[in-house]
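Everything below concerns the one structure shown next.
The values are calculated or read from the model by the stated rules, or taken from the named source; none is laboratory data. Fair warning: this is a prediction, and the values are worked out from it, not measured in the lab. Glycine gets a Cβ as well: all are built from the backbone with ideal geometry, and neighbour counts include every protein chain shown. In case anyone asks, the SASA skips ligands and DNA or RNA and just uses the protein heavy atoms, side chains included. Shrake-Rupley method; radii C 1.70, N 1.55, O 1.52, S 1.80 Å.
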2 protein chains.
Amino acid sequence: MTTTRPVRPDDLELICRHREAMFRESNAPGRSDDMLRTMTASFRSWLGPRLRDGSYFGSIVEEGGKAIAGIGLMLIDWPPHPSHPAEDKRGYVLNVYVEPAHRGRGLAKMLMREAEAEFARRGVSFAILHATRMGRPLYEKIGWAQTAEMSKQMLKR
Amino acid sequence: MTTTRPVRPDDLELICRHREAMFRESNAPGRSDDMLRTMTASFRSWLGPRLRDGSYFGSIVEEGGKAIAGIGLMLIDWPPHPSHPAEDKRGYVLNVYVEPAHRGRGLAKMLMREAEAEFARRGVSFAILHATRMGRPLYEKIGWAQTAEMSKQMLKR
């Protein structure tokens with residue numbers, strides 16, 4: 001039986017594993033094991049308090065008592081913008097991960113549908129995510145579109 | 001004489017005007033005057049406390065005692081990521097605006113160079129922005145690149 005339950009503080013290691021696997025499998029350039037381990041260590045310290053205070057939420061899918069997929073959600077403080085002129089928050093979707101043996105069953109799509117409903121319940125009508133190459137086709141299929149975000153890596157002084 | 005000074009709490013109306021003009025001039029679809037007025041009213045309420053506590057910072061360029069350009073900066077809480085594996089913040093650049101009569105003099109480029117230095121001083125090595133069609137060519141020229149951000153507008157329940 002497949003069940004979906006809210007993320008809990010004791011999912012810390014599970015979510016860290018999902019996030020690292022998601023980035024490793026995305027095969028983007030420059031993602032060495034060393035870098036990913038550094039990221040996961042920092043991410044773990046970042047995530048712990050946010051799981052406890054509920055500012056990182058989301059869902060875990062379980063089958064036979066074993067986690068097989070997960071999604072993370074946040075509300076991020078954002079200046080009111082033409083895409084949400086009377087709201088000062090955006091929803092953020094992260095760490096969408098389905099274990100390889102359970103792909104192609106629509107679990108990610110189901111988690112995304114729940115995410116959108118959860119944002120709406122929390123009064124947020126505009127949400128963002130950063131897609132891996134693997135995830136992009138799914139998101140496009142369910143109505144997500146590329147934004148005009150740009151980034152730059154700078155040297156620290 | 002052209003001088004650059006830090007943003008101050010009494011720049012509230014100036015920054016609101018810059019932001020609204022920036023979005024109006026971007027000519028993106030669906031940006032009616034009504035919507036922009038709603039956005040500016042919400043943005044003003046959002047910005048006031050952030051100017052006072054310094055979480056919204058940046059610079060204003062003045063000439064003959066009159067503001068002719070401005071830039072807004074923030075540090076946003078962000079999960080450690082392959083682009084910044086040991087940092088839990090990103091720089092954010094917003095409200096880059098140069099008065100029409102003063103364009104083509106390199107003011108935006110100068111403000112962006114200062115922004116990058118300020119982020120570096122604050123220990124942040126990765127920054128993002130959302131480009132208008134007008135701004136994009138400049139940002140590309142100085143090393144900014146498109147990200148994989150996607151967005152979706154949802155209906156509220």
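So that you can scan it fast, the table gives a plain yes or no per residue for (1) touching a helix residue (DSSP H, G or I) at 6+ places or on another chain (Cβ under 8 Å); (2) without any contact (Cβ under 8 Å) to a residue 24 or more places away in the chain:
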{"position": "B:Gly135", "(1), (2)": "yes, no"}
{"position": "B:Leu138", "(1), (2)": "yes, no"}
{"position": "B:Gln146", "(1), (2)": "no, yes"}
{"position": "B:Met150", "(1), (2)": "yes, yes"}
{"position": "B:Met154", "(1), (2)": "yes, yes"}
- [ ] For A:His84, state whether it is touching a residue at least 24 places away in the same chain (Cβ under 8 Å) and under 30 Å from B:Arg24 (Cβ atoms).
- [x] yes
Open item on the list: All but one of (1) touching a residue at least 24 places away in the same chain (Cβ under 8 Å); (2) out of contact with any helix residue (DSSP H, G or I) (no Cβ under 6 Å at 6 or more places or on another chain); (3) crowded, with 16+ Cβ neighbours inside 10 Å hold for B:Met39; state the number of the condition that does not hold.
Closed with: (1)
Task: Scan of region B:90-102 for residues that are more than 9 Å from chain A (Cβ to nearest Cβ) and either more than 17 Å from A:Lys152 (Cβ to Cβ) or open to solvent by 80 Å² or more (accessible area, probe 1.4 Å) (or both), ordered by number - done: B:Tyr97, B:Val98, B:Glu99, B:Pro100, B:Ala101, B:His102
Open item on the list: Residues that are touching a Ser or Thr at 6+ places or on another chain (Cβ under 6 Å) and among the hydroxyl-bearing types (Ser, Thr, Tyr): list the strands (runs of 3 or more DSSP E) wholly contained in region A:63-155 that include at least 1 such residues.
Closed with: A:149-153
Task: When residues of region B:63-81 are limited to those that are open to solvent by 20 Å² or more (accessible area, probe 1.4 Å) and more than 17 Å from the chain's Cα centre (by Cα), the one nearest to A:Arg31 (Cα to Cα) - done: B:His81
Open item on the list: Give all pairs with beta carbons closer than 6 Å in which a residue from region A:103-128 that is within 10 Å of another protein chain (Cβ to nearest Cβ) meets a residue that is part of a helix (DSSP H, G or I); count only pairs at least 6 apart in sequence or on separate chains.
Closed with: A:Ala127/A:Phe119
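Looking at this structure, is B:Asp10 surrounded by fewer than 18 Cβ atoms within 10 Å (Cβ to Cβ), among the acidic types (Asp, Glu) and farther than 19 Å from A:Glu87 by Cα?
Working: surrounded by fewer than 18 Cβ atoms within 10 Å (Cβ to Cβ): yes; among the acidic types (Asp, Glu): yes; farther than 19 Å from A:Glu87 by Cα: yes.
Here the answer is yes, as B:Asp10 does meet what is asked.
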